[in-house]
1. Provide the net charge surrounding E203, with neighbours chosen by a C-beta distance below 10 Å and charges set as Lys +1, Arg +1, Asp -1, Glu -1.
2. How compact is region 102-143 by the rule of thumb for globular proteins, expressed as Cα Rg over 2.2 N^0.38 Å?
3. For the chain, what does the alpha-carbon gyration tensor say about shape, rounded, prolate or oblate, given a ≥ b ≥ c as the root eigenvalues, a/c under 1.5 as rounded, and a/b over b/c as prolate?
4. State the antiparallel share, in %, of DSSP beta bridges confined to the chain, rounding to the nearest 5.
5. What's the magnitude of the charge dipole for the chain around its Cα centre, counting Lys and Arg as +1 and Asp and Glu as -1 at the beta-carbon? Answer in Debye, nearest 20.
6. Report the relative contact order of the chain, percent, no decimals, based on alpha-carbon pairs under 8 angstrom and at least 6 residues apart.
7. Count charges around R166 for me, please; just the other residues with Cβ under 12 Å from its Cβ, Lys/Arg as +1, Asp/Glu as -1.
8. Using the Karplus curve 6.51 cos²θ - 1.76 cosθ + 1.60 with θ = phi - 60°, work out ³J(HN,Hα) for each residue of region 539-550 in order, rounded to whole Hz, and write x for Gly and Pro.
Amino acid sequence: MKLDAARLAKMASQLSESTGMAIPAQERRRLHRRAPRTLHQGVDGFLHRLMGRWQRRGGQVAGFMASASAIVARSEPLAEMAQPKFLEALREGALRLRREGHRDYSVLEGALVLLCEAAWRSMSMRPYPVQLAGALALERGLLAEMGTGEGKSLTVCIPAILAAWRGEPCHVLTANDYLASRDAAFFKPFYELCGLSVSSVTESIAHHQRQSHYRASVVYTTSKELLGDFLRDQLKMGAHVTEEKRVILHLLRGGQPESNGPVLRGLGLALVDEADSVLIDEAVTPLIISAPRENELLVEAAQQALRVSESLERGVHYTLQRRYREVRLTRTGEQVLAQLSQQLPGMWQGEKRRRELIRHALTAREYFKEGEHYVVQDQKVVPLDEFSGRMMPNRNFGIVLHQIVEATAGVEITPPSETLARFSYQKFFRLFPRLAALSGTASEAAVEFWQIFGLATLPVPPHRPCIRRMNRPRCFSDQHRKTEAMVAEIGRLHAQGRPVLVGVRSVNESERLAARIREEGLSCELLNAVRHEEEARIVMEAGGRGRITMATNMAGRGTDIKLDEEVKGLGGLHVIAAEPNDSPRIDRQLYGRASRQGDPGSATLFYSPEDELFRRYLPKPLRRVWQVLIRIAPGALAGPWSHWLLRRTQRSAEKSAAIRRKGVLVADRWLEEFLNFPG
């Protein structure tokens, strides 16, 4: 017999009266799942876009800044208050916020005044008005765009404390495990002064310890860990996943907590730091929970497919679609494959299966390069994040393709995994009752943030004006000329005593360029996915006199590069982008490493038609014409033409990435409509 919610609540109430137990509201909330936010289409979509433009209007910033300045001014007299009296005021402020804060804005303002003073007493950090404006934006459910070095870590603490005072589960999502652990430990005195607990959940935390970590008032973690634990909770509960059934089970246990129950306290408020990375760049790849299963035939097929693919010649047997990283067999290739198919295991000899298998083998050979797309660590293939350059040890390239990449790399082939659960990050973050975010580079993706997540972008002004000098981009006809020009520029700046940070896209390129710099007798610190252990130290020291630091796009996000007065007098940190990224937004992240908090600094982009961006998204005939034009007219004629091609190609790459993200949304919608069977 199926019970509706009202009847179930009545039964639970009667059971409560007879046993003397209270209704376990927290137990109901632990696995409560709201429907994902609606993705508007048609006329609704048009009106929704208009609403987004209104929400992003520039006039809002002045109101937030005025409120923030007033709150900071009100907090300063509290410095004279005795500690016992201040602690009592904090306790009363928390209680008032929980009782009346949802309907009385003055109560929220009073709580923020107290938190400004609490930050000073616990951390010797009084929030600037711009930080408080960012906190107000987060409290309103907006995306606060704050530049590098503007103090986003302190900003995010304030709405997190407000949510915890209200009793909401609060998760702060950072870009990596290091930042989650660092921020939770660093701001612990602030949280404890406010009567709250804080913890971090990282990959190193054992599963049996996670429930206790998630019981903290505020939890710092990454999107991968949070979504993974959410999916494991869903799998663990199985048929008992509905909140009504959980209430009855809780009552039948006599109200005792379930030691082997779900680890999460529920989905309340998610505060996403580096939102462009978490919600945009990483949104293409869904998170999959899987379990290994033996399949000797597939392992054998991967090895044989690699051998067969070596008999095929590019341009004769197959062609490449670099923009989409696809391989297409020609008619000649199909005929040769039919003759060679006898070398494949029996089940892979059929026309469709052999074509699929060989396409995977050719894709692995042509597009998956060690040092660019993966690294080999402990005799295992570890994928690299395309945007940050970080290793992703718990991900793979998909069944068959990953096994063939392993065969290409010459490591032991792992058995394929059986998918137990799959969930996209886009769908996951639309489940949260409250969502807010921060980013230093959000304006380029403001429309997508609004359409998918309902996040309106608010550009918060810097505490001090940015005085970064952006030099004119420098274009060269080929890779060799570009490299020599970069090495000469690095040597010139080093001789002046200025620190230089060089940003590259791949591990291979970072190793190659670092070796070339060392040939000139210069010392160079190298930071990439293979040498990530000392990331924070390397980035913190990158602002020292004469330092040369080579980094993939990971570049120590969340770690400040501090300059001493001597370096500031020399002109500050200079950033060199060794090649353009697929989006100007990612380039801007790198440039933002210089000139933080009003420091001096500069940045230059070096590029050539042989860069990965142009090889993938610009037609080959156009690249050849461009190279010739650069050689014969490198000045006035080629300069504007090169700049136009750069912007055109980046727009094309952004459009392609947006199409891939839209494909994830379409897949989610299809799964909801056709595979959402009633329980």
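1. -1
2. So the Cα radius of gyration is 1.21 times the expected 2.2 N^0.38 Å.
3. Oblate.
4. So the antiparallel bridges amount to about 25 percent of the total.
5. 1720
6. Over the chain, the number comes to 15 percent.
7. Surrounding charge for R166 is +1.
8. 5, 4, 8, 5, x, x, 4, x, 6, 10, 10, 10
Any read-out appearing in this document is the output of simple, stated calculations on the displayed coordinates, not a laboratory observation. What you see is a predicted model; the values in this text were computed from it and never measured. Reconstructed Cβ throughout: ideal geometry from the backbone, glycine too, with neighbour counts over all protein chains shown.
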